[in-house]
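None of the figures in this text is laboratory data; all of them are computed from the coordinates on show. Model, not experiment: these values are computed from the prediction. In this analysis, Cβ positions are derived from the backbone assuming ideal geometry, glycine residues included, and neighbour counts consider all displayed protein chains.
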């Protein structure tokens with residue numbers, strides 16, 4: 001009887017350290033972590049990285065012992081910091097004036113992301129997996145706060161814009177915008193990543209290439225979501 005109990009306990013422990021699903025196996029994995037996001041596919045240099053949170057749950061089915069399909073539902077904070085400037089040379093009465101604009105602010109966008117991934121497990125390195133697929137993002141909220149300053153500049157800007165006269169500087173704030181005003185409601189992305197799992201604890205890194213122009217306006221600058229997610233999760237075999 002003691003041997004039976006010992007063997008049963010050992011079997012449970014072995015189940016706990018199992019990494020990926022076996023063929024026909026099913027598991028769920030709560031995850032939480034951070035996003036490092038920005039907007040790409042632009043030439044303005046205006047968008048810089050910001051940090052946000054992400055978390056949710058993923059379910060995976062083992063098609064074979066080395067290949068699985070997973071579907072997730074993740075809360076994701078994305079967007080970008082805005083910092084930069086531009087200038088225009090205006091000619092009036094044979095005199096040229098440099099009009100400069102500086103922008104500082106932040107775009108905050110939250111999505112409900114639904115990633116469908118193919119997970120390929122490396123046989124020679126237990127717990128290591130490569131993954132890619134497609135992700136549908138549903139915008140739940142967005143907010144953009146910007147400070148914009150417009151004035152004549154002392155010279156053509158090469159770095160930080162310096163104004164001739166701060167007292168004549170025109171400064172105004174663009175307030176908070178709703179999701180429907182700033183961003184499109186749906187975003188499609190291609191995630192590419194790698195994960196390592198040990199004793200059911202999984203560390204996952206994915207880079208997401210946004211395919212959708214997220215700006216709902218007529219702005220020709222076709223900004224797309226770009227972000228790296230780093231998450232920690234725990235797999236429960238069912």
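Miscellaneous remarks
- Footprinting exposure proxy for 139, 116 (fewest neighbouring C-beta atoms within 10 Å first): 116, 139
- Extending 7 Å from Cα along the Cβ direction at residue 136 and again at residue 207 yields two label points whose distance is 2.7 nm.
- Fewest-first ranking of 51, 188, 34, using other Cβ atoms within 10 Å as the exposure measure: 51, 188, 34
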